[in-house]
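Visitor: Just dropping this structure here.
The values are calculated or read from the model by the stated rules, or taken from the named source; none is laboratory data. Quick caveat: nothing in here was measured; it's all calculated off a predicted structure. When we count neighbours, we look across all protein chains shown, and the Cβ atoms used for this are built from the backbone with ideal geometry, even at glycine.
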Amino acid sequence: MCPERWVVATRNPHKLEELRAIIKYTLSIELLPEGFPPIEEPFSTLDANAWAKAHKAWHLLKKPVFAEDTGLEIDALGGKPGVHTARYGGEDLTISQRRQLVLKQMKGITNRKARFRTVLVAIIDGVPHFFEGVVEGRIAEVESGHGGFGYDPIFIPDGYEQTFAELPAEVKNEFSHRARAVKKFLKFCRSIS
């Protein structure tokens, strides 16, 4: 049976807001409780980092948990920033500086193909279940838009001329990498209910 209440192994309120919009309140989700120790992401794959976050939260809370790790993979940069997306360029850069770094590295490059990839790991009764969502697209020439968060202002999904940050949230949340992973998770939940 799929639990109705979940803890999301993150402290990122933007991520929680987006997850709630995607889930549309079919499940109740909440952030890690106050005082929860930091969760490291030491591994070289999204799968391993998502599992590590979910496993630590489940181990300490003994509640249904899920965690996700997301990476922006740019072909011309050999798949970077990839698993290091949140820390690309160094720990002390802001997200705006990280976006500018990517745009600088992509200057003059014609192959702008990229993808966002999310791996979500849900743990029920100690058993992990993995779900992946991918959206293909390209890196914009310049930042554009004020919606979303992270690298949304420089990523244009296939089939669109606007960045994720320019698209209305309800449009993005129908097909984004995170939405695709979450929808697989929800389908799995319905199958075991």
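Visitor: Based on what the data block shows, is A169 in contact with an Asp or Glu (Cβ under 9 Å, 6 or more places away or on another chain) and surrounded by fewer than 22 Cβ atoms within 10 Å (Cβ to Cβ)?
Guide: It is true that A169 is in contact with an Asp or Glu (Cβ under 9 Å, 6 or more places away or on another chain) and surrounded by fewer than 22 Cβ atoms within 10 Å (Cβ to Cβ).
Visitor: Just to be sure before I move on: is L27 under 20 Å from Y88 (Cβ atoms) and aliphatic (A, V, I, L, M) in the structure I sent? Spell out how you get there, then give the answer.
Guide: On the way: under 20 Å from Y88 (Cβ atoms): no; aliphatic (A, V, I, L, M): yes.
Considered against the rule, which asks whether it is under 20 Å from Y88 (Cβ atoms) and aliphatic (A, V, I, L, M), L27 comes out as no.
Residue-by-condition table, conditions (1) crowded, with 22+ Cβ neighbours inside 10 Å; (2) more than 14 Å from the chain's Cα centre (by Cα); (3) modelled with pLDDT of 95 or more:
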| residue | (1), (2), (3) |
| --- | --- |
| R112 | no, yes, yes |
| R115 | no, no, yes |
| E141 | no, yes, yes |
| G147 | no, yes, no |
| Y151 | yes, no, yes |
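Visitor: Restricted to segment 16-32, and to residues that are out of contact with any strand residue (DSSP E or B) (no Cβ under 8 Å at 6 or more places or on another chain) and surrounded by fewer than 19 Cβ atoms within 10 Å (Cβ to Cβ), which residue is nearest to S191 (Cα to Cα)?
Guide: Among them, the one singled out is T26.
Visitor: Picking from D92, D47, D75, which residue would you name as being farther than 17 Å from F149 by Cβ, charged (D, E, K, R) and more than 19 Å from the chain's Cα centre (by Cα)?
Guide: Checking each option against the conditions leaves just D92.
Visitor: Hey, among the residues in segment 46-77 that are in contact with a helix residue (DSSP H, G or I) (Cβ under 9 Å, 6 or more places away or on another chain) and surrounded by fewer than 17 Cβ atoms within 10 Å (Cβ to Cβ), which one's modelled with the highest pLDDT?
Guide: Restricting to residues being in contact with a helix residue (DSSP H, G or I) (Cβ under 9 Å, 6 or more places away or on another chain) and surrounded by fewer than 17 Cβ atoms within 10 Å (Cβ to Cβ), the top hit is A76.
Visitor: Among the residues that make up segment 125-137, is at least one of them exposed (fewer than 13 other Cβ atoms within 10 Å of the Cβ), in contact with a strand residue (DSSP E or B) (Cβ under 8 Å, 6 or more places away or on another chain) and of a type in the set (D, E)?
Guide: The answer is no; no qualifying residue exists.
Visitor: Test of understanding: among P81, P13, which residue is in contact with a strand residue (DSSP E or B) (Cβ under 9 Å, 6 or more places away or on another chain), modelled with pLDDT under 90 and under 27 Å from V171 (Cβ atoms)?
Guide: P13
Visitor: Restricting to segment 28-42, name every residue that is under 15 Å from A54 (Cβ atoms) and at pLDDT 85 or above.
Guide: I29, E30, L31, L32, F36, P37
Visitor: Quick check on this structure: which one of E30, E73 is of a type in the set (D, E), in contact (Cβ under 8 Å) with a residue 40 or more places away in the chain, in contact with a Phe, Trp or Tyr (Cβ under 9 Å, 6 or more places away or on another chain) and not in a loop (DSSP other than H, G, I, E, B)?
Guide: On the way: E30 fails: in contact (Cβ under 8 Å) with a residue 40 or more places away in the chain.
Result of the check over E30, E73: E73.
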